[in-house]
Amino acid sequence: MQLSLKHQLRSLMLPALILMAAAVNAADVKERAIKLGYGIAEEHPLGQGANRFAQLVSQKSGGKLKVKNYPANALGSESQMISAAQGGVQEIAIPSSAPVVSVVKEFALFDLPFLFADEREADAVLDGPVGRQVLDKLTDKGVIGLCYWENGFRNVTNSKRPIAKAGDIKGLKIRTMQSPVYIDTFNALGANAVPMSFTELYTALETRAMDGQENPYAIIHANKINEVQKYLSATKHSYAPFVVMVGKKFWDRLSADEQKILQDSCVEARDYQRKLSREQNVKILADLKAKGMVFNEIPPAELAKMRQELQPVVDKYTKEIGEDLVKQTFAEIERVRKQK
Ligand code: TK8
């Protein structure tokens, strides 16, 4: 008697499921609660990535490793969450790379202006030997760097005027992330750069204490910065990754199986999160315009002028970051460009 397709499939899948369950049961995995904190609203691709991460960790651990996500700085600012992970009071933190520069100076590499022209170059460097080298420098600082997720290409917003040419930034009070590279970048363009935690940004713009700021479209949208900023100019002046890090005190208590579950889930959630981030970008920009932001592109000649004005900043930090690492990075970017 011919078994129905459904029964055939079930008879095939059952052994596979049993094998998987056996593998999970065989794995050295204990019941553990994991607090994961990040700095933006859950609806942002970072929040969606964190939800996918929690799901994957649960699946791979047979439900034993329970990740609880804390969005929108519920566990404190990004610098506070990094310290909390180092101190063992929070298991996982996902800050943008800029606040990590104060822990490991080589993260300033990713703050260099106009380093990447597109996501392909960024992925190749972040997911390659350079990205791993920089992540591994965190270990001596009490956290384990798992992988990089996407914050994205950053653009300038302000309440005064469109940035249509290099000189238009002059005199604006611009909030920057707490990274010396960003401070020097905007000061070199003639702005008055003010480093500030993301937790204080909205109020600083609302009260006009700051004229402007810079972030990817998805952050501007998720944090409703369009409500307190009129102009959005496509400077695309840098690409910011998020850094997924685990407290070393916690990590060292994990078995090799548990560590592998976190590492594999980070990479799988990364690919999901980046895809989402890139798919949403066009729609989000359209929505920001619909919500009243005055958007402008910047002519390539004016962007080239900005790059030129910023070369001294790149030269300065190339020394601080380390000539070898920067050379390796440019070589990798060149390799990717040749493939285009
Ligand atoms: C919050 C921050 C934000 C960053 C900033 O997630 O501070 O402007 O771009 O993404 O990390």
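At q = 0.07, 0.08, 0.15 Å⁻¹, what is the log10 ratio I(q)/I(0) for the chain, with the Debye formula run over Cα points and no solvent?
-0.32, -0.41, -1.26
Amide H of Asn73: which non-local residues (sequence gap of 5 or more, or other chain) have their own amide H closer than 5 Å, using H built in the peptide plane?
Close amide H contacts, sequence-distant or interchain: Tyr38, Gly39, Ile40.
Just reorder His237, His7 by solvent-accessible area, largest first, 1.4 Å probe, all chains present.
Descending accessible area places them as His7, His237.
Using the Karplus curve 6.51 cos²θ - 1.76 cosθ + 1.60 with θ = phi - 60°, what ³J(HN,Hα) values do you get for each residue of segment 221-237, in whole Hz, with x for Gly and Pro?
After applying 6.51 cos²θ - 1.76 cosθ + 1.60, I find 6, 5, 9, 6, 5, 4, 6, 10, 9, 9, 9, 10, 10, 6, 6, 6, 7 Hz.
Three principal axis extents, largest first, for the C-alpha atoms of segment 64-181, in Å?
Principal axes ranked by extent give 53, 33, 25 Å for the Cα atoms.
Give me the lysines in straight-line cross-link reach of Lys160: C-alpha distance below 20 Å, same-chain residues under 8 apart excluded.
Lys170, Lys173, Lys224, Lys230, Lys236, Lys289, Lys291
Two decimals is fine: what's Rg over Rh for segment 150-255, C-alpha atoms, Kirkwood radius as Rh?
On the Cα set of segment 150-255, Rg over Rh gives 1.07.
Sort Val67, Val267, Val282 from largest to smallest accessible area, using a 1.4 Å probe on the heavy atoms of the protein chains.
Most to least solvent-accessible, the answer reads Val282, Val267, Val67.
Taking a cut-off of 16 Å, what percent of all Cα-Cα pairs in segment 91-136 are separated by more than that?
Value for segment 91-136: 41 percent of Cα pairs lie more than 16 Å apart.
Would you mind putting 111-121, 35-45 in packing order, based on average other-beta-carbon counts within 10 Å, highest first?
Top to bottom by mean Cβ count within 10 Å: 35-45, 111-121.
Helix 256-290: angle to the longest alpha-carbon principal axis of the chain, degrees 0 to 90, nearest 10?
40
Determine the order of Val134, Val89 by accessible area, beginning with the largest, at a probe radius of 1.4 Å.
Ranked from most to least accessible, the order is Val89, Val134.
Helix 323-339 against the longest principal axis of the chain: what's the angle in degrees, Cα atoms only, rounded to the nearest 10?
Computed tilt is about 80 degrees.
Which whole-number percentage describes the relative contact order of the chain, with Cα contacts under 8 Å and a sequence gap of 6 or more?
25
Could you name the lysines whose alpha carbon sits less than 22 Å from that of Lys68, not counting residues in the same chain fewer than 8 places away?
Straight-distance partners of Lys68: Lys30, Lys35, Lys60, Lys248, Lys249, Lys260.
Of the heavy-atom accessible surface of segment 262-340 (probe 1.4 angstrom), what whole percent is carbon and sulfur?
Answer for segment 262-340: carbon and sulfur cover 57 percent of the accessible area.
Counting only protein heavy atoms and a 1.4 Å probe, tell me what percentage of segment 134-245's accessible area is made up of carbon and sulfur.
50
Aspartates and glutamates within cross-link reach of Lys340: Cα-Cα under 20 Å, excluding same-chain residues under 8 positions apart?
Result set, ordered by chain and number: Asp118, Glu119, Glu121, Asp123, Asp127, Glu332.
Taking amide H positions as placed in the peptide plane 1.01 Å from N, state which residues far from Ala240 in sequence (5 or more) or on other chains have amide H under 5 Å from it.
Asn151, Gly152, Phe153, Arg154
Where both partners of a DSSP beta bridge lie in the chain, what percent of those bridges are antiparallel, to the nearest 5?
Beta bridges within the chain, antiparallel portion: roughly 55 percent.
The values are calculated or read from the model by the stated rules, or taken from the named source; none is laboratory data. All values derive from a computational prediction rather than experimental measurement. Reconstructed Cβ throughout: ideal geometry from the backbone, glycine too, with neighbour counts over all protein chains shown. Heads up: the accessible areas ignore ligands, DNA and RNA and are worked out on the full protein's heavy atoms, side chains in. Shrake-Rupley method; radii C 1.70, N 1.55, O 1.52, S 1.80 Å.
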